[in-house]
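Below is one structure; the comments refer to it alone.
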Amino acid sequence: ETATRLTGRRRPPAPVTVVFSHGYCLAQDSWHFQRAALRGTVRAVYWDQRSHARSERGRAQRDSGATVTIDQLGRDLKAVIEAAAPEGPLVLVGHSMGGMTVMALAAHDPELVRERVAAVALVATSAGRLAEVSFGLPAAGVKAARRMLPGLLRTLGAQAELVERGRRATADLFAGLVKRYSFGSKEVDPGVARFAERLIEATPIDVVAEFYPAFVEHEKSAALPVFDGLPVLVLGGEKDLITPSSHSEAIAEALPDAELVIAPGAGHLVMLEQPELVNAHIAELLAQVGAGAGG
């Protein structure tokens, strides 16, 4: 009788798990300020996408030089969820490429989203049409870049060791590019700018090359309705040159119940540039599903 009582006892429900997916040429450390704000208040999973930071090189890339697809990243996210959060509700947070990873998961496994995802935050990301982004360049420069960049990256990727030496030699130039394309404000904290620079510099040039084609091909608008009916935060930077705020607006148009936030003056790394704003909106999202400090 005692055994029956014990085995029949209902287990408490699993806690909400927040899964953070980072962007291209970054790492889980790009969520530094969010991790600090949420520590001790919610169960969270941070992971490095394949070939980035502490994750090993993608085997298909290492063995055959294959490029990466966003669909593959969506399957990677499912594997992370199965390993680190096999049960209980999920909140999925993705920045840039990480947001595309979340969309790819929805396209690959809409049933998982319907059964387990309680809320979604899509930060400085895009559902597609990235081939049209101008990167703040004049029209002629955009055309030249689109024509030359894929081949140039392939060539550089094949000479990775030489390029890495050259990249260290041009660190000042690289720092300027990081600042221009990562942040909207010239007043960004120098320590934060150096932190972003180190994250981006840590991505080997052959990894940069093998991921780049995936963005031109990325088109996941059709997956967005999988998130219908969920609390969704869509947050972009007003001065983002990589995934312009118009791409956040397009996602919000496809999800009319989503909360759209455009961070004034912010660039692509909005979660590092304006952490208080990002943290506050993520905390609000978590409160809606009974997680975090207010849950």
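The values are calculated or read from the model by the stated rules, or taken from the named source; none is laboratory data. Here the structure is a predicted model, which is why all the values come from computation and not from measurement. Please note: Cβ atoms are built from the backbone with ideal geometry, for glycine as well, and neighbour counts cover all protein chains shown. To get the accessible areas, we keep the full protein, side chains included, count just its heavy atoms, and leave off ligands, DNA and RNA. Shrake-Rupley method; radii C 1.70, N 1.55, O 1.52, S 1.80 Å.
Among Val192, Val178, which is the only one that is at pLDDT 55 or above and either under 17 Å from Pro275 (Cβ atoms) or open to solvent by 30 Å² or more (accessible area, probe 1.4 Å) (or both)?
Only one candidate qualifies: Val192.
Quick one: in region 23-42, of everything that is in a helix (DSSP H, G or I) and touching a His at 6+ places or on another chain (Cβ under 9 Å), which residue is nearest to Ala104 (Cα to Cα)?
Gln28
So is Glu187 within 18 Å of the chain's Cα centre (by Cα), modelled with pLDDT under 95 and not hydroxyl-bearing (Ser, Thr, Tyr) or not?
no
Starting from region 14-28, take each residue that is free of Cβ contacts under 8 Å to residues at least 60 places away in the same chain and list its partners that are assigned to a strand (DSSP E or B), counting only C-beta distances under 9 angstrom and pairs at least six apart or across chains.
Partner pairs satisfying both residue conditions: Gln28/Phe20; Gln28/Ser21; Gln28/Tyr46; Gln28/Trp47.
Could you grab the pairs with beta carbons closer than 6 Å, sequence gap of 6+ or different chains, first residue in region 178-193 and over 19 Å from Val133 (Cβ atoms), second one in a helix (DSSP H, G or I) and open to solvent by 20 Å² or more (accessible area, probe 1.4 Å)?
Pairs that qualify, where the first residue is over 19 Å from Val133 (Cβ atoms) and the partner is in a helix (DSSP H, G or I) and open to solvent by 20 Å² or more (accessible area, probe 1.4 Å), are Val188/Glu273; Ala193/Lys179.
Working only within region 214-226, note down all residues that are under 17 Å from the mean Cα position of the chain (by Cα) and open to solvent by less than 40 Å² (accessible area, probe 1.4 Å).
Correct list: Ala214, Phe215, His218, Lys220, Ala223, Leu224.
Is there a residue in region 2-21 that is at pLDDT 90 or above, touching a Ser or Thr at 6+ places or on another chain (Cβ under 8 Å) and within 24 Å of Val216 (Cα to Cα)?
Taking every residue of region 2-21 in turn, at least one turns out to be at pLDDT 90 or above, touching a Ser or Thr at 6+ places or on another chain (Cβ under 8 Å) and within 24 Å of Val216 (Cα to Cα).
Of (1) over 23 Å from Pro110 (Cα atoms); (2) crowded, with 22+ Cβ neighbours inside 10 Å; (3) touching a strand residue (DSSP E or B) at 6+ places or on another chain (Cβ under 9 Å), Glu210 satisfies all except one. Which?
Failed condition: (3).
If you check every pair at least six apart or on different chains, which have Cβ atoms under 8 Å apart with a residue in region 264-287 that is under 13 Å from Val188 (Cα atoms) first and a residue that is β-branched (Val, Ile, Thr) and open to solvent by less than 40 Å² (accessible area, probe 1.4 Å) second?
Note: pairs meeting the criteria are His268/Thr243; Val270/Val123; Val270/Val278; Met271/Val123; Met271/Val278; Leu272/Val192; Glu273/Val188; Glu273/Val192.
Which of the helices (runs of 4 or more DSSP H) found entirely inside region 190-295 contain at least 1 residues meeting this: under 20 Å from His32 (Cα atoms)?
190-201, 270-273, 275-288
In region 43-57, what count of residues is obtained for those that are open to solvent by less than 50 Å² (accessible area, probe 1.4 Å) and either without any contact (Cβ under 8 Å) to a residue 60 or more places away in the chain or not in a loop (DSSP other than H, G, I, E, B) (or both)?
Qualifying residue count, region 43-57: 8.
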